[in-house]
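Worksheet: the structure to be examined is printed underneath.
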């Protein structure tokens, strides 16, 4: 049975970097696909490789049932396309860049999903948010508060610390996706 890896973590913990690392280090022979999120944020905003939509485009696609999952956070709307259902039916493992707040809804839709929490210490998180330059100092403080306040609870939760070198945490994510860590963590 295919796995749905639902990667989550506070903004700035390095999810995009780890997902990019995993995309580049998964073997072409591994039956794994990575989703692109549909986001109402300009593609020029930096960060993840996403499909930029206007609010109207997003609402239209949402009304037409084009999203398997969708949520709103930090003044943007996010969607995961319904293509993931076909990929899972084809017995392909699917990796999704998800939302911590949306996890209970995602679990209702996909009861066997595997949530993967990317974490980092507060000092490192502050440093990353400042360096990426997308938020004002006040917005950074709000993100730091939210990062500490939101408790993620799930019986299958797997946590990967991203405090050290990217390759170290990245290889843990790759091993998990390839099933090498599932036997240990399950």
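The values are calculated or read from the model by the stated rules, or taken from the named source; none is laboratory data. Keep in mind that this is a model prediction, so the values were computed, not measured. Neighbour counts are summed over all protein chains in view; Cβ atoms, including those assigned to glycine, are modelled from backbone coordinates with ideal geometry.
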Q. Can you name the residue in region 20-58 that is touching a strand residue (DSSP E or B) at 6+ places or on another chain (Cβ under 6 Å) and part of a helix (DSSP H, G or I) and, of all such residues, is surrounded by the fewest Cβ atoms within 10 Å (Cβ to Cβ)?
A. 43
Q) All but one of (1) closer than 25 Å to residue 147 by Cβ; (2) in a helix (DSSP H, G or I); (3) touching a strand residue (DSSP E or B) at 6+ places or on another chain (Cβ under 6 Å) hold for residue 99; which doesn't? A) (2)
(Q) Taking the condition of being at pLDDT below 95 and either out of contact with any helix residue (DSSP H, G or I) (no Cβ under 9 Å at 6 or more places or on another chain) or within 24 Å of residue 110 (Cα to Cα) (or both), how many residues in region 50-71 meet it? (A) 2
Q | Subset of region 112-124 that is surrounded by 13 or more Cβ atoms within 10 Å (Cβ to Cβ) and under 30 Å from residue 1 (Cα atoms) - its residue that is modelled with the lowest pLDDT | A | 119
(Q) For region 38-46, check the following and say yes or no: at least one residue is closer than 24 Å to residue 148 by Cβ and at pLDDT 95 or above. (A) no
Q: Out of the residues in region 59-88 that are in a helix (DSSP H, G or I) and within 17 Å of residue 102 (Cα to Cα), state the one that is nearest to the chain's Cα centre (by Cα).
A: 84
